Amino acid sequence: MRAAGALSLSLVAVEDDVIIGHVALSPVVIQDAVGDWFGLGPLSVEPGRRRRGIGARLVDTAIARLRARGAAGCVLLGDPAYYRRFGFVSDPALRYGDEASPYLQYLRLSGRAAKGQVSYHPAFDAG
Ligand SMILES: CC(C)(COP(=O)(O)OP(=O)(O)OC[C@H]1O[C@@H](n2cnc3c(N)ncnc32)[C@H](O)[C@@H]1OP(=O)(O)O)[C@@H](O)C(=O)NCCC(=O)NCCS
């Protein structure tokens, strides 16, 4: 994704010179959307360092960076039980593939909510 110019943001959490967490943002295309939307993910924290707020700091920082650049919003595929604390919500009008899914969530930062089909960078379909 970096080589393709599709890595909008790649943040790492570092402790004792070791990378212990990471989050990425990339542009997404949403059928009926205005402004710049981004996909958050992957997000990961080393198993031995979880439940200490590192994941939350990575997500909060990524969202703050999006706000600062005037992004319209952010989507992700993930567990609503984790992401709702950051304000992410699902909407059946937003779709990934053939079906609406509660795992597809969005956070509107400016402008209006996005509806329609979400397309990630083709790198996400590889493999
Ligand atoms: C999800 C993940 C990044 C969270 O990192 P973290 O540093 O532990 O996150 P935080 O410390 O900010 O938050 C931890 C809280 O989230 C909860 N949580 C973690 N994953 C969850 C999930 N899938 N569903 C619900 N709650 C979840 C934990 O139980 C914990 O709750 P508590 O605060 O009540 O104890 C980490 O668990 C991870 O790397 N998981 C494997 C990769 C993954 O699933 N990534 C997300 C893909 S969408």
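The values are calculated or read from the model by the stated rules, or taken from the named source; none is laboratory data. Keep in mind that this is a model prediction, so the values were computed, not measured. Cβ sites come from the backbone with ideal geometry, for glycine too, and all protein chains shown count toward neighbours.
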Report summary line: Only one of (1) within 14 Å of the ligand (Cβ to nearest atom); (2) modelled with pLDDT under 95 does not apply to Asp32, and that is (1)
**Report entry** Verdict on Arg85 being free of Cβ contacts under 8 Å to residues at least 40 places away in the same chain and near the ligand (Cβ under 7 Å from one of its atoms)
**Finding:** no
Query raised in the report: Is there any pair with a first residue in region 42-55 that is in contact (Cβ under 8 Å) with a residue 24 or more places away in the chain and a second that is within 6 Å of the ligand (Cβ to nearest atom) and basic (Lys, Arg) whose Cβ atoms are under 9 Å apart and which are 6 or more apart or on different chains, and what are they?
Result: Val45/Arg51; Val45/Arg52
Query raised in the report: Just to be sure, is Gly87 over 27 Å from Arg2 (Cβ atoms) and in contact with an Asp or Glu (Cβ under 7 Å, 6 or more places away or on another chain)?
Result: no
Requested in this report: Identify, from the list Gly70, Gly21, the residue that is within 16 Å of the ligand (Cβ to nearest atom), of a type in the set (Gly, Ala, Ser) and either in contact (Cβ under 8 Å) with a residue 40 or more places away in the chain or closer than 23 Å to Met1 by Cα (or both).
Outcome: Gly21
